[in-house]
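The values are calculated or read from the model by the stated rules, or taken from the named source; none is laboratory data. This one's a predicted model, so the numbers in the text were calculated from it and none came from an experiment. Every residue, glycine as well, gets a Cβ built from its backbone with ideal geometry; the counts of neighbours run over all protein chains shown.
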Amino acid sequence: MQNAALARQFDQIAAYLELAGDSIFKIRAYREAASAIADYPGPIEDADLNAIEGLGSATIAKSREWFKTGKIKVLEALKAQYPAGLLEVMRVPGLGPKKVQLLWKEKNIDSIAKLQVALDADELDTLNGFGPKTRENLKTALRRLGELTSRTPLPDATGTATKILTALIERSPDAHIEIAGSLRRGAETVGNLNFVASSEDATPLLDTFAALPLFETIIARDETTVKARLHDGVEVELVVAPPVRFGTQLWFSTGSKSHIESVDAPPAFTSEREVFAHLGADYIPPELREGRDEWERARAHTLPALLETRDIRGDLHTHSNWSDGVASIRQMAQAMTDRGYAYFAVCDHSKALAMTNGLDAFRVREQAHEIAEVQADFPNLKIFRGIECDILRDGTMDLDDELLSELDFVVGSVHSAFNLPLAEQTDRIIRAIQNPHVDLIGHPTGRVLGVRPPYDVDVPALIEAAKKTGCCLEINASERLDLKDDYARIAKDAGVLLCIDTDAHSPKMIPNISFGVATARRAGCEAKHLLNTKTLADLLEWMRHR
DNA sequence: GCCGTTTTCGGCCCGACTGTTTTCAGTCG
């Protein structure tokens with residue numbers, strides 16, 4: 001399977017062309033080719049490229065060139081023309097191709113490190129377009145970027161861990177290996193990846209692991225452990241324990257540190273359940289092992305019966321090709337059926353988000369016809385008419401109340417004016433919470449893990465407001481995990497109903513629900529704390545009383 | 001660069017915000 005590697009070539013071409021200031025349509029074409037290749041279900045090297053939508057004569061020729069030579073000349077030429085560091089400078093919020101080019105040509109800045117030095121030394125004040133405000137904004141952006149990218153978001157870390165596991169199992173089919181560490185605990189971001197394996201003889205497995213082609217270097221090795229580094233800098237550790245102490249090792253490697261240090265070190269056990277039994281406690285799910293009150297509760301047999309992914313009966317925030325989704329309503333319906341869901345809501349963007357081809361009143365009503373058509377062919381799946389309606393700067397909704405009242409489910413979301421002062425941003429969203437047509441606030445703090453920090457907003461105040469009106473708050477799965485676990489816990493404790501949605505823009509995003517479930521579990525949520533664990537009948541009843 | 005024709009090139013992702021520009025370019029969602 002070379003899909004990911006080839007897709008990466010085209011993504012890189014797109015990034016360089018963006019830097020070069022090339023046509024945004026050409027750039028988009030390369031990005032679409034990359035995602036078509038990444039999404040292709042089989043090995044791309046065996047595919048009929050002409051039959052893949054998004055690939056044309058130019059990208060097909062480049063694909064064949066890459067299959068044959070392992071390189072694409074156009075990309076090599078671009079790499080020779082621009083230092084690789086310019087691409088990372090492009091990722092700084094506030095810097096686009098023009099400003100990056102200027103920094104490079106005028107000040108020889110071709111890395112984030114050099115940009116930081118130049119900012120600290122006040123070397124940019126003579127540069128056109130870099131006034132005092134811009135320089136200050138850049139300093140803030142760099143600080144935030146450092147915080148944002150120092151750890152890997154849960155979804156990405158899960159993908160990487162799966163890749164490593166797959167590669168290892170391919171080479172050692174009989175190995176018994178588990179994911180441990182903060183990834184197993186479902187933390188929103190992950191520092192290192194930890195694995196624990198069970199084997200009488202550690203050496204062969206450690207050899208196999210150390211030889212995986214995924215690693216850049218092996219950092220350390222002893223008789224039980226190999227520590228390696230991936231190309232993106234993430235450290236990966238495999239500990240091999242004999243079967244008689246696998247349970248203890250898994251518990252230990254899962255952490256957290258404060259959870260482990262709260263008790264005396266247990267002796268060797270085969271399973272984690274024996275570890276907890278030895279410590280006089282019920283089994284504590286990994287998501288709760290954060291050194292809060294889990295030991296007391298586990299000893300008093302009062303741990304919550306945490307939500308499971310199988311408790312989720314539908315997805316109430318999804319997109320289609322009516323706005324910026326890539327799949328038709330029918331394709332999404334099929335994917336929801338395949339997953340075994342009882343219902344889902346089509347919630348495309350509203351008109352304020354023009355870039356996404358957001359829907360105005362006319363198209364919202366047009367879409368109803370298509371939903372009805374598809375619904376007729378899916379008797380066992382309820383398709384709700386929904387919208388992800390922009391909450392405008394002043395807290396009013398992008399579409400009027402009369403239209404919203406026609407819809408089954410209304411998600412209100414902020415996609416603009418992220419930099420309002422705390423009080424103003426909070427009031428804006430509370431106003432949406434108080435709109436009787438708004439059923440759910442989507443991604444309430446606006447963050448995107450590794451990309452964008454949350455806007456300034458008083459989340460406890462939102463929770464209070466939601467409690468009063470009965471509006472739900474979202475745990476947006478996927479790349480946001482918003483609300484985050486701590487806020488979700490506060491909302492749950494306040495009696496606010498939460499809803500885990502994927503915000504899926506394609507069928508392949510639908511399984512992301514599990515990341516939201518992990519977040520809810522860390523918040524101590526049981527099935528009853530979620531809106532979309534309701535049966536269809538109960539959900540319809542809930543909607544009637546909204 | 002891809003697509004879809006109206007077969008040979010035009011349309012595709014638009015509108016608002018921001019800072020510094022002295023009338024608008026660059027960036028972003």
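In the condition set (1) surrounded by 20 or more Cβ atoms within 10 Å (Cβ to Cβ); (2) closer than 19 Å to A:ALA523 by Cα, A:ILE391 is compliant with all but (2). Residues in the range A:514-535 that are more than 16 Å from A:TYR487 (Cα to Cα) and of a type in the set (Ser, Thr, Tyr) were compared, and the one that is surrounded by the most Cβ atoms within 10 Å (Cβ to Cβ) is A:THR533.
Among the residues of the range A:376-397, the ones that are closer than 26 Å to A:MET336 by Cβ, outside any strand (DSSP E or B) and touching a residue at least 12 places away in the same chain (Cβ under 8 Å) come to 4 in all. Across the range A:126-135, the number of residues qualifying as more than 8 Å from DNA strand B (Cβ to nearest atom) and either modelled with pLDDT of 90 or more or touching a helix residue (DSSP H, G or I) at 6+ places or on another chain (Cβ under 7 Å) (or both) comes to 1. Can we say A:PRO511 is at pLDDT 95 or above, surrounded by fewer than 23 Cβ atoms within 10 Å (Cβ to Cβ) and not aliphatic (A, V, I, L, M)? So A:PRO511 fits the description; yes. From the list A:ILE284, A:ILE312, the lone residue that is touching a strand residue (DSSP E or B) at 6+ places or on another chain (Cβ under 8 Å) and at pLDDT 95 or above is A:ILE312. If you go through the range A:439-458 and pick out every residue that is touching a residue at least 60 places away in the same chain (Cβ under 8 Å), crowded, with 21+ Cβ neighbours inside 10 Å and assigned to a loop (DSSP other than H, G, I, E, B), you end up with 4. In the set (1) modelled with pLDDT of 95 or more; (2) among the aromatic types (Phe, Trp, Tyr); (3) more than 25 Å from A:CYS525 (Cβ to Cβ), A:PHE409 fails one condition alone, (3).
Each row is one residue, and each column tells you yes or no for (1) over 13 Å from A:GLY314 (Cα atoms); (2) more than 21 Å from the chain's Cα centre (by Cα); (3) touching a residue at least 12 places away in the same chain (Cβ under 8 Å).
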| site | (1), (2), (3) |
| --- | --- |
| A:PRO460 | yes, yes, yes |
| A:ARG489 | yes, no, yes |
| A:ASP493 | yes, yes, no |
| A:LEU497 | yes, yes, yes |
| A:ASP538 | no, yes, no |
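Within the range A:468-479, is even one residue within 16 Å of DNA strand B (Cβ to nearest atom), β-branched (Val, Ile, Thr) and either out of contact with any Pro (no Cβ under 9 Å at 6 or more places or on another chain) or farther than 30 Å from A:THR337 by Cβ (or both)? Scanning the range A:468-479 turns up no residue that is within 16 Å of DNA strand B (Cβ to nearest atom), β-branched (Val, Ile, Thr) and either out of contact with any Pro (no Cβ under 9 Å at 6 or more places or on another chain) or farther than 30 Å from A:THR337 by Cβ (or both). Every residue in the range A:1-27 that is within 9 Å of DNA strand B (Cβ to nearest atom) and hydroxyl-bearing (Ser, Thr, Tyr), please. Within the range A:1-27, just A:SER23 meets the criteria. Of the set (1) in contact with a helix residue (DSSP H, G or I) (Cβ under 7 Å, 6 or more places away or on another chain); (2) assigned to a strand (DSSP E or B); (3) farther than 20 Å from A:ILE430 by Cα, all apply to A:GLY412 but (3). Residues that are within 11 Å of DNA strand B (Cβ to nearest atom) and either in a helix (DSSP H, G or I) or in the same structural domain as A:ALA518 (by TED's automatic domain parsing) (or both) do occur in the range A:103-110. Put simply, of A:THR149, A:THR160 the only residue that is away from DNA strand B (no atom under 13 Å from the Cβ) and closer than 30 Å to A:PRO243 by Cα is A:THR160. At least 2 residues that are assigned by TED's automatic domain parsing to the domain that holds A:ALA518 and within 30 Å of A:ALA372 (Cα to Cα) in each: list the helices (runs of 4 or more DSSP H) lying fully within the range A:252-355 that qualify. Where helices (runs of 4 or more DSSP H) fall fully within the range A:252-355 and carry at least 2 residues being assigned by TED's automatic domain parsing to the domain that holds A:ALA518 and within 30 Å of A:ALA372 (Cα to Cα), they are A:329-339. No other residue among A:LYS99, A:LYS139, A:LYS71 is under 20 Å from A:ALA20 (Cβ atoms), in a helix (DSSP H, G or I) and out of contact with any strand residue (DSSP E or B) (no Cβ under 8 Å at 6 or more places or on another chain) apart from A:LYS99.
For (1) closer than 30 Å to A:GLU32 by Cα; (2) buried (at least 23 other Cβ atoms within 10 Å of the Cβ), each residue gets a yes or a no:
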site: A:GLU272; (1), (2): no, no
site: A:PHE276; (1), (2): no, no
site: A:ALA281; (1), (2): no, no
site: A:ARG299; (1), (2): no, no
site: A:GLY314; (1), (2): yes, yes
site: A:HIS317; (1), (2): yes, yes
site: A:TRP322; (1), (2): yes, no
site: A:ALA327; (1), (2): yes, no
site: A:ARG330; (1), (2): yes, no
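Residues in the range A:82-96 that are within 13 Å of DNA strand B (Cβ to nearest atom) and small (Gly, Ala, Ser) were compared, and the one that is farthest from A:GLU18 (Cα to Cα) is A:GLY94.
Give the range A:28-65 a look and list any residue that's closer than 16 Å to A:ARG8 by Cα, more than 11 Å from DNA strand B (Cβ to nearest atom) and surrounded by fewer than 18 Cβ atoms within 10 Å (Cβ to Cβ), or say none. Result: A:SER35, A:ALA38, A:ASP39, A:PRO43, A:GLU45, A:ARG64, A:GLU65.
Selection of first residues in the range A:116-128 that are in the same structural domain as A:ARG91 (by TED's automatic domain parsing) and of second residues that are aromatic (Phe, Trp, Tyr), restricted to Cβ pairs under 7 Å at least 6 apart or on distinct chains, gives the following pairs, ordered by first then second residue: A:LEU124/A:PHE130.
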